[in-house]
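Derivation of every value follows stated rules applied to the coordinates shown; laboratory data play no part. Keep in mind that this is a model prediction, so the values were computed, not measured. For neighbour counting, all protein chains shown are included, and Cβ atoms are generated from backbone atoms with ideal geometry for every residue, glycine included.
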Amino acid sequence: MTKKISVNEPVFDDNEVNTAQTILDSGLLSSSNMYGGKYVKLFEKQLTEFLNCKYAIAVNSGTSALYASLLSLGVTTGDEVVVPSFSFTATASAVIATGATPIFVDISSSNYNIDLSLIKSHISSKTKAIIPVHLYGHPVDVVQLSEITSANNIPIIEDGAQSLGSSINGKKCGTLGNLGCTSLYPTKVITSGEGGVITTNDEELYNQLLMIRNHGLDKSGHTIRFGLNLRMPEIEAALASIQLSKLDDFIKIRRTNSNIISEYIDEFDINIPIENDNSFLNRYLYTVSFTHSRDEIMSFMEKQGINTAVYYRTPIHKMPFYQTLNNEYELPNTDIASSQVLSIPIHSGLSNDDINHVGRSLNDALKSIY
Ligand SMILES: Cc1ncc(COP(=O)(O)O)c(C=O)c1O
């Protein structure tokens, strides 16, 4: 049976396998040192150089990165945090974990990112942070966002779980706000199995984050603030480091594959993901939008061994848990996107034959349905 093509999958070689074996042999699997073990420090240094920022703090997931970031800003019960609802549920659950309330804002129909024109009307005296999500790897214009929030001095935490390697106006995602959070989950552009990392240029936030990921312990070994064990193990850090050295190559392949798919569907009147002049996309997801028949297109491609995916069929505020909260949102663009978007495989593990098979199949599906 031929292998099914998935929307995203981890891509690794002997380098990752051999390094994991070396670490297993050494027995040094993790370190409770405030600054982490050898491979945690190596990965953090490499990431600060890649992003051109001062500090990186590796943690055990993207969700932990968001939660730790909120804690470092002192977000707590009674506070509000502005977020898009059209995102993965972790964007809001990290807020809930602090005791604060997520305030959901609609998205712009042009790029599925939080609608900057709606931010002001969602800010109150309780707003303690804003979390823009660089969805599908499309950068939010954080400079424009900070112009809106600066009067109220509201910190910005980028949810860059999907945007490692993307940039806007020459600056990489993860360095645009006060704090940037990345995920290293297996479906992301690079992976360490599970993992996340926070980046910042703010020394005080960095010092808080070092303690937050390690039980709130200071250098003398006393818990001086709330913290947990959010540490990244050494094997994961070593995998992340090797994967980071391949990121530019992975992105090149993703971008080539995206162009191939765009050519296959050029003849149809459907929305394809556009790269603006001032942005560079890592092409984490190639997401198109169909005004009708999305599920038919999915099952057509499924029959040809191609997995496609809907991110996100249910917006966060409509998830059962969030429905139990005081929740009277009207988010029309979010509703439309949820009913129309479909992500097509373009990942860096696809061969030339694979990507052409995906393109032809999508073209055939559209010809038979549109
Ligand atoms: C937008 C977004 N935010 C947060 C997360 C959470 O990251 P993780 O799965 O590493 O906890 C993810 C990833 O799954 C995500 O896509």
Where in the chain are the helices, taken as whole DSSP H runs, whose Cα atoms extend 30 angstrom or more along the long axis and whose Kyte-Doolittle mean reaches at least -0.5?
234-264
Fewest-first ranking of Cys181, Cys53, Cys173, using other Cβ atoms within 10 Å as the exposure measure
Cys53, Cys173, Cys181
Compactness ratio of segment 247-369: Cα Rg over 2.2 N^0.38 Å, N = residue count?
1.17
Assign one of three labels to segment 267-316, namely rounded, prolate or oblate, based on the Cα gyration tensor with a ≥ b ≥ c the square roots of its eigenvalues; rounded applies when a/c is under 1.5, prolate when it is not and a/b is larger than b/c, and oblate otherwise.
prolate
Too long at a 25 Å Cα-Cα cut-off: which of Lys188/Lys246; Lys128/Lys246; Lys41/Lys171?
Lys128/Lys246
Determine the shape class of segment 8-141: with a ≥ b ≥ c the square roots of the Cα gyration tensor eigenvalues, call it rounded for a/c under 1.5, and otherwise prolate if a/b is greater than b/c, oblate otherwise.
prolate
Give me His222, His347, His122 sorted ascending by neighbouring Cβ count inside 10 Å, so fewest comes first.
His222, His122, His347
Net charge (Lys, Arg +1; Asp, Glu -1) of residues whose beta-carbon lies under 12 Å from that of Asn363, Asn363 excluded, is -2
Figure the gain on full extension for Asp335 and Ser245 (residue separation times 0.36 nm, minus the Cα-Cα span) and round it to one decimal in nm.
28.6 nm
Between Phe12 and Ser109, what length comes free when the chain is fully extended (0.36 nm per residue of separation minus the Cα-Cα distance, one decimal in nm)?
31.4 nm
Pairwise FRET efficiency - Glu203 versus Ile148, Cβ, R0 = 22 Å, nearest 0.05:
0.25
Hits in segment 355-369: amide N under 11 Å from the 7 Å Cα→Cβ extension of Glu267, namely 363-364, 366-368
Cβ under 13 Å from Ile23's Cβ, Ile23 left aside: what net charge do those residues give with Lys, Arg +1 and Asp, Glu -1?
-3
With a ≥ b ≥ c from the Cα gyration tensor eigenvalues, square-rooted, and the rule rounded for a/c under 1.5, otherwise prolate when a/b > b/c and oblate otherwise, the chain is oblate
